[in-house]
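The next block holds one structure in the form of structure tokens; read it before the comments.
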Amino acid sequence: MNQLPTRTRVHPAAGQPLRVVTRPEPTARRPRMMRMPADWWDSPTAVGCPLSRGPQSGRTARRLTRSTLRDWGLAFLSEDAETIVGEFVANAVTHAAATVGTAVPTQRRQAADGLGLRLLRRNGEVICAVLDPSDKAPVLKAPASGEEAGRGLQMVDALSDVWGWSPVAGRGKAVWAVLFCA
């Protein structure tokens with residue numbers, strides 16, 4: 001299989017590359033489905049917030065991501081993490097949240113959307129995850145050059161070290177990406 005090098009992140013304080021990884025060509029990759037511990041989504045060490053189906057949810061998620069990574073001393077990851085989170089939220093709002101009924105009043109509907117963001121820092125990595133009520137797996141597409149949509153997960157694939165999805169009992173699924181930080 002032909003291998004493509006990824007970009008190299010440089011830690012600002014050390015001035016050294018963090019990690020160089022080779023990856024299969026994008027058309028050969030598929031998101032990984034991994035079973036995560038049952039309580040990972042509700043971990044007390046996770047930073048997160050509920051999201052609505054409105055256009056402001058992407059902005060809210062990106063801002064929380066940037067400020068959290070800055071607080072964790074990982075500002076050098078914030079641009080990639082913001083892009084990843086923005087794509088996950090856009091997909092959740094566009095595709096998965098469409099399954100939620102629209103006849104419910106706005107205040108109750110936002111609470112019932114089942115959308116949320118979680119950021120979890122573990123040894124040497126940050127996990128960015130977006131929960132949505134759908135149990136349908138995300139699909140990495142190779143859109144034709146003239147298509148205007150369908151490249152979001154390709155960007156996630158290029159920016160993350162690992163990404164995939166996990167079922168979250170009784171709540172749908174979490175689509176997640178891991179960024180190595182050590």
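A short reminder: the numbers here are calculations on the coordinates, not readings from a lab. All values reported here derive from a predicted model rather than from experimental measurement. Note that each Cβ is placed from the backbone with ideal geometry, even for glycine, and that neighbours are counted across all protein chains shown.
Worth a mention:
- Tensor-based shape of segment 115-182 (alpha-carbon gyration tensor, a/c under 1.5 rounded, otherwise prolate or oblate): oblate
- Normalised by residue number, the volume inside the convex hull of the Cα atoms of segment 45-90 is 62 Å³ per residue.
- Packing rank of 127-133, 69-75, 174-180, where each peptide gets the mean count of other beta carbons within 10 Å, highest leading: 127-133, 174-180, 69-75
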